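Presented below is the structure to which this report refers.
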Amino acid sequence: MAQVEETHLPKEKIENPRVRMWKMMFGRLFQNKLAVFGGVVTFGLIFTAIFAAWLAPHDPTEQNYSAVLQGPSLEYWFGTDNLGRDLFSRVIYGAQVSLQAGLISVGIALAIGVPIGLISGYYRGFLDEYIIMRLTDAMLSIPALVLALALAAVLGAGLTNAMIAIGLVLTPNFIRLIRGEVLAHREKEYVEAGKASGISDFKLIIKHILPNTMAPIMVQATLAIAAAIIVEASLSYLGLGTQPPDPSWGSMLANGQGYLDSAPWIALFPGFFIFLTVISINLFGDGIRDMLDPKMK
Amino acid sequence: MDVKQPNKILLEVNGLKKYFSTGGGMLKKKQQVKAVDDMTFTVKEGETLGIVGESGCGKSTMGRTLLRLQHPTAGEVIYNGQDIAKLKNKDLRKLRKDIQIIFQDPFGSLNPRMTVGAMLSEIVRTHDIVSKKEEKKYLEELLLEVGLTPAAYWKYPHEFSGGQRQRVSIARALAVQPKLIICDEAVSALDVSVQAQVLNLLQHLKKKHGLTYIFISHDLSVVKHISDRVGVMYLGKLVELSDKHDLYERPAHPYTQALFSAIPDITEEKQERIVLKGDVPSPLHIPSGCRFHTRCPLATDKCVEEAPVFEQVRDGHYAACHYAE
Amino acid sequence: MGEKMDAQLKVEDLHVGFKQKKSSVNILNGVSFQVYKGETLCIVGESGCGKSLTSLSIMGLLPKQGEVQGGKIEFEGENLVQKNMKQMSRLRGNDLSMIFQEPMTSLNPVHTVGKQVAEVVRTHRQVGKKEAYSRALEMFELVGIPSPAERLHNYPHELSGGMRQRVMIAMALACNPKLLIADEPTTALDVTIQAQILELLNDIKAERQMSIMMITHDLGVVSEVADRVLVMYAGEVIECANNRQLFNNPQHPYTQGLIASIPKLKEEKDELPIIEGSVPSPEKMPKGCRFSTRCPFAKQECLTDSPPLQEAEEHTVRCWMHTDRWEEMTPWKGVDEDGREATEQDLIRS
């Protein structure tokens, strides 16, 4: 007879697996205080960006020459800039631009990078070795900002083009990362066992390999969002991203640089928000990664 | 279940070779590792064929090549009149229903992000084993059969012990109702007491489902326990193949003799043993003539020059040695 | 073994556990044993029985969360538990040496093996580079490495697994240790190579009057090299006897089951006798005898009362069956706390 290994253990109650899985996952997420903090701030920022029109007390582009370079006050919470624009409103509207820049450009990078990385890593071969890898090498050898600058210059100034440029610049990182992960996993016995069970390559890639590469992708993606926000800020600073008078945190930071001595708040507030966004997305991303890992308790 | 003819040949392996190229950069010459080098044997229906050998002898590669998880460099693997080595991908996937594999590592061989139920049902659906309505029941019975509780259905691999995980691997192999299962060091990573449980389970399943096993292991005692016939591999080649009793009582090849004497056995007082000198040569630099001559206590000049033929020395007992009696 | 010998190492009532966030988990529960001068003691048990933790405690190499919660480890009359890092590192590699299972990861890949052995010599002896190397060469000859002078200049990856294990042994022996702890020294090796290494260890021991404490899960290896055998289960010593006595006349049901469940070359069996179930996890340790949940002979009290270690002449065992109380104990009928049903058949099966 087959021996039941668990005879002596108490009989287990079987819970609905989906409920149990979600319970487990969210249990893990909520245990992680930093991740909760990151999540709350991230969603707060997204909320702010969506409802900017209702939340902002002033028109972000309205210039008020009677209130130029004013420090934070009740009227202007974050003070005003050199053109007398309300910095609080501009930071709120800037969230739209910066979050878009972060999320959409990383979305572009993922959309291109994940499939290429998966295919390249799983099938290997000439295309992988001599074309895709050399191309990514070439792209990675150029500093990201320079490459983004060149691409943005070719595509033309403006937020949309800047996002496309940033997305393309980030893509090789994802390709390399995912390809590396796939290479590691395709040799694992569970993939071989799947193959031996007659599961098709497509299913193996999508259902078996991809979920196991999620953790590093997640981390890379949150880091990339942060990087994208900064690159967008730099592009705006150089005049290739968001066009004035539209506010973006990057262009505000650039603008404030000239007034660091006399009116430090102009640079301080957008700078602080870039920092806050980057940190909270990272923390949240870490939390999500742990949440998706069934081995974590 | 169809009526079985005794000794019907289930799998026929002819001149199977698997070479790997290594090194080989722009300026370096490529080197060939002859992991499996010209193996010929048959597997009869309903038997357990044990394959033993030390690490690096190519036994695992052989197992994977049979299933075409590795493409053979040359040779045929004939199952049901079809040559597995030449099948098209689509036909190969169908055939994989009949031949399954169980791996050594109970940690690496299960997808850590899939529950046991999801994993099994995927396989069952791929081959349309049962209707969707009966699937759950079928899988729960399967889990019970391999000695797990039906609750295992909802669990992730990391929630099991090593022995239980190996039972899950067995369930996966069994799910598609195969004819032949290749056990690649299937119990080697387990503790002694758990190993015995899994070995008994494999025996029991074999009887119940009329399975055929190819049982690959480095552990001669385990192989002898579970097998009907045993093949001994050395550096990519079979050096001996025989009924297990004959092999144990009258090993014909000096390597087999040394292997038997090297095994520490608890049932006997210390005996005089043949301790082989030196290491297994690297498969990159396979010795000339008989591959074993560098370590063989009986080697002569003939062994250095001439490779022995793998031939019958007694009824059903094959060996590759110039001096086999 | 004849007359009583002096103990080289004496472990007394050792408790070791792991610190966790709030609580701590106990793994080793009152382990006591001795290693006599010039003998080989084999500690055998399945994974999770605490055999490796025992050796790490002796070497002072417990992982960061590990802590000695009580007991004594006496080596050369000194209590190792009370020694600090510096004192321990002076002992390690000197009087007290260890070889590990995986020789590849225990050797530094960026230095030649000769350098690594010489390094050990120079750490513990006031000698120059040249002398250290000649000592290394001497050791390489001792452990039977062919063309030792050339091998000195090899890197670990250039050597085979068996050769690397020889290097590890050479390194461990370089300072004439009094006690060698070998943790699964042949598990990663092939049988023919294993035979070589076991023979080497036996020869060296005889030659140098050194004590060896070998940890292994392989009963075959044990029967090959041990003078005395210590069987551990779930963090406790359950049986200790000299080699032949243990294998010919095992007393504890666990030892009996373990020996029975190994496939043997000389015997022919359709089905292997097995020990049911698996080792309980440290959190779910049974209250009484730790083997009670898997024991085919268990009586009602076995579940609740922990049996004492019965010290008898050269054969120690921890089981109620070998006490006077056994006759009075209630046969196991009905159901225990966890809902296990025991039938008469359960009790007589062996």
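The values are calculated or read from the model by the stated rules, or taken from the named source; none is laboratory data. In this text the structure is predicted, and so the values were computed from the model without any measurement. Quick reminder, even Gly has a Cβ in these numbers, built from the backbone with ideal geometry, and neighbours come from all protein chains shown. Surface areas here come from the heavy atoms of the whole protein model, side chains and all, with no ligands, DNA or RNA. Shrake-Rupley method; radii C 1.70, N 1.55, O 1.52, S 1.80 Å.
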**Request:** Hey, for a label at C:ASP270 modelled as a point 7 Å past Cα toward Cβ, could you say which residues of segment B:226-268 have their backbone N under 19 Å away?
**Result:** B:226-229, B:244-245
**Prompt:** Using protein heavy atoms only (no ligands, DNA or RNA), what is the total accessible area buried between A and B, 1.4 Å probe, nearest 100 Å²?
**Reply:** 3500 Å²
**Item:** Calculated FRET efficiency for the pair C:GLU74/A:PHE51, C-beta based, R₀ 51 Å, to 0.05
**Value:** 0.10
**Asked** Per residue of chain C, what 222 nm ellipticity follows from adding -39500 (n - 2.57) for every DSSP H run with n ≥ 4, rounded to the nearest 500?
**Response** -8500 deg cm²/dmol
**chain C: DSSP helices with Cα axial extent of at least 27 Å and average Kyte-Doolittle hydropathy no lower than -0.5** = none
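Using C-alpha positions alone, give me the convex hull volume of the protein assembly as shown per residue in cubic angstrom.
227 Å³
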**Prompt:** On a 0 to 90 degree scale, rounded to 10, what angle separates helix B:192-209 from the longest Cα axis of chain B?
**Reply:** 70 degrees
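At 1.4 Å probe size, with the rest of the protein present, what percent of the exposed accessible area of chain B is carbon and sulfur atoms?
Details: 6570 of 13280 Å².
The C+S portion of the solvent-accessible surface of chain B is 50 percent.
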**Message:** Using each residue's phi in segment B:103-115, evaluate 6.51 cos²θ - 1.76 cosθ + 1.60 at θ = phi - 60° and report the 3J(HN,Hα) Karplus result to the nearest Hz, with x for Gly and Pro.
**Reply:** 8, 6, 7, x, 8, x, 8, 10, 5, x, 9, 10, 6
**Request:** Determine the total buried accessible area between chain B and chain C, counting protein heavy atoms only with a 1.4 Å probe; round to the nearest 100 Å².
**Result:** 3700 Å²
**Request:** With no solvent and one equal point scatterer placed on each C-alpha of segment C:103-176, evaluate the Debye formula and give log10 I(q)/I(0) for q = 0.13, 0.18, 0.27 Å⁻¹, two decimals.
**Result:** -0.29, -0.57, -1.32
**Prompt:** In percent, how large is the relative contact order of segment A:10-151, given Cα pairs closer than 8 Å and 6 or more residues apart?
**Reply:** 15 percent
**Item:** With all protein chains modelled, accessible area of B:THR256 [1.4 Å, Å²]
**Value:** 0 Å²
**Fill in**
Taking chain B and counting helices only, DSSP H stretches of n ≥ 4 at -39,500 (n - 2.57) each over all residues, the nearest-500 ellipticity at 222 nm comes to -9000 deg cm²/dmol
**Item:** Residue-by-residue Karplus 3J(HN,Hα) for segment B:239-252, coefficients 6.51, -1.76, 1.60, Hz, glycine and proline x
**Value:** 9, 7, 8, 6, 4, 5, 5, 5, 5, 6, 7, 9, x, 8
**Prompt:** Hey, what angle do you get for helix B:132-145 against the long axis of chain B, alpha-carbon based, 0 to 90 degrees rounded to 10?
**Reply:** 50 degrees
**Request:** Note the angle between two axes, namely the Cα long axis of helix A:144-155 and the longest principal axis of the Cα atoms of chain A, as a number of degrees from 0 to 90, rounded to the nearest 10.
**Result:** 70 degrees
**Prompt:** What distance in nm separates the simple spin-label points at C:SER134 and A:ALA67, each placed 7 Å from Cα in the Cβ direction?
**Reply:** 9.1 nm
**Prompt:** Out of A:ILE116, B:LEU142, A:GLY156, whose Cα points farthest toward the positive end of the dipole of the protein assembly as shown (charges: +1 Lys, Arg; -1 Asp, Glu; placed on Cβ)?
**Reply:** A:GLY156
**Complete:** Listed residues C:LEU198, C:LEU219, C:LEU272; largest mean-square fluctuation, Gaussian network over chain C with Cα springs below 10 Å, found at C:LEU272
**Request:** Return the long-range amide H neighbours of B:VAL313 (sequence gap of 5 or more, or a different chain), with a cut-off of under 5 Å between placed amide H atoms.
**Result:** B:TYR318, B:ALA319
**Request:** Compute, for C:PHE291, the solvent-accessible surface of its heavy atoms (probe 1.4 Å) with the complete set of protein chains present, and express it in square angstrom to the nearest 10.
**Result:** 10 Å²
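How big is the charge dipole of the protein assembly as shown about its Cα centre, in debye rounded to the nearest 20, if each Lys and Arg gets +1 on its Cβ and each Asp and Glu gets -1 on its Cβ? It would help to have the intermediate numbers written out before the result.
Numbers: 106 positive and 112 negative charges, 443 e Å.
Dipole magnitude for the protein assembly as shown comes out near 2120 debye.
Given a 1.4 Å probe and heavy atoms of the protein chains only, how would you sort B:TYR153, B:TYR318, largest accessible area at the top? Walk me through the numbers before you get to the answer.
Numbers: B:TYR153 25, B:TYR318 75 Å².
Highest to lowest solvent-accessible surface, that is B:TYR318, B:TYR153.
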**Asked** For chains C and A, what's the summed buried accessible area, probe 1.4 Å, to the nearest 100 square angstrom?
**Response** 700 Å²
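Could I get the Rg over Rh figure for chain B? Both from C-alpha atoms, Rh via Kirkwood, rounded to two places. Before the final figure, lay out the partial values.
Working: Rg = 20.8 Å, Rh = 21.1 Å.
On the Cα set of chain B, Rg over Rh gives 0.99.
What accessible area per residue, rounded to a whole number of Å², is obtained for segment C:103-176 using a probe radius of 1.4 Å? Show your work: numbers first, answer last.
On the way: 3520 Å² over 74 residues.
Per-residue value: 48 Å².
What do you reckon, how do A:TRP54, C:TRP326 stack up by accessible area (1.4 Å probe), largest on top?
Details: A:TRP54 200, C:TRP326 40 Å².
Ranking A:TRP54, C:TRP326 by accessible area, largest first, yields A:TRP54, C:TRP326.
Mind ranking A:40-50, C:274-284, C:78-88, C:177-187 by how tightly packed they are, going by the mean number of other C-beta atoms within 10 angstrom, highest first? Write out the running numbers ahead of the final one.
Working: A:40-50: 15.8, C:274-284: 17.8, C:78-88: 12.7, C:177-187: 22.5.
Output ranking for A:40-50, C:274-284, C:78-88, C:177-187: C:177-187, C:274-284, A:40-50, C:78-88.
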**Complete:** For C:SER32, other-chain or 5+-apart residues with amide H closer than 5 Å (H placed, Pro excluded) are C:ASP13, C:LEU14, C:VAL237
**Request:** For A:ARG20 paired with A:ALA157, estimate the spin-label separation in nm (one decimal), with each label point 7 Å from Cα along the Cα-to-Cβ line.
**Result:** 6.0 nm
**Request:** Considering only protein heavy atoms, with the full assembly of protein chains and a 1.4 angstrom probe, order C:SER306, B:SER169, A:SER66 by accessible area, largest first.
**Result:** A:SER66, C:SER306, B:SER169
**Item:** Peptide-level mean, for B:217-228, of C-beta atoms on other protein chains within 10 Å
**Value:** 3
**Asked** Considering amide H positions built from the backbone, and no H for Pro or chain starts, which residues 5 or more places from B:ILE101, or on another chain, come under 5 Å of its amide H?
**Response** B:ILE182
**Prompt:** How far is it, in nm, from the label point at C:GLN82 to the one at C:THR105 when both lie 7 Å from their Cα along the line to the Cβ?
**Reply:** 3.5 nm
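Over segment C:187-322, what is the mean sequence separation of C-alpha contacts under 8 Å (at least six apart), divided by residue count, expressed as relative contact order in percent?
Numbers: 145 pairs, mean separation 25.9, N = 136.
RCO, segment C:187-322: 19 percent.
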**Message:** Test of understanding: in a Gaussian network model of chain B with alpha carbons linked when under 10 Å, which of B:LYS59, B:LYS133, B:LYS207 would top the mean-square fluctuation ranking?
**Reply:** B:LYS133
**Request:** Just the isolated ones, please: cysteines in chain B lacking another cysteine beta carbon under 4.7 angstrom.
**Result:** B:CYS57, B:CYS183, B:CYS296, B:CYS321
**Complete:** For segment C:103-176, the accessible surface attributable to carbon and sulfur atoms (probe 1.4 angstrom, ligands and nucleic acids excluded) amounts in percent to 52 percent
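Average partner chain C-beta neighbours within 10 Å, per residue of C:273-285? Intermediate results must be reported in sequence, preceding the final value.
On the way: counts 2, 11, 7, 7, 11, 12, 5, 2, 1, 0, 0, 3, 0.
What the average comes to for C:273-285 is 5.
Which entries of B:LYS86/B:LYS244; B:LYS94/B:LYS179; A:LYS33/C:LYS21 have Cα-Cα distances beyond 25 Å here?
Values: B:LYS86/B:LYS244 32 Å; B:LYS94/B:LYS179 13 Å; A:LYS33/C:LYS21 16 Å.
Result: B:LYS86/B:LYS244 exceed 25 Å.
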**Item:** Cα Rg, Dmax (largest Cα-Cα span) when computed across chain C, Å
**Value:** 21.9, 73
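Using a 10 Å cut-off around each Cβ of peptide C:86-95, what is the average number of partner chain Cβ atoms that fall inside?
Values: counts 0, 0, 0, 0, 0, 0, 0, 0, 0, 0.
Going residue by residue through C:86-95 and averaging, the value is 0.
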**Request:** Could you compute the FRET efficiency for A:ALA138 and A:PHE202, with r as their C-beta to C-beta distance and R0 at 25 Å, rounded to 0.05?
**Result:** 0.25
**Item:** Sequence-separation-based contact order of segment C:103-176, relative, with Cα cut under 8 Å and 6+ spacing, percent
**Value:** 45 percent
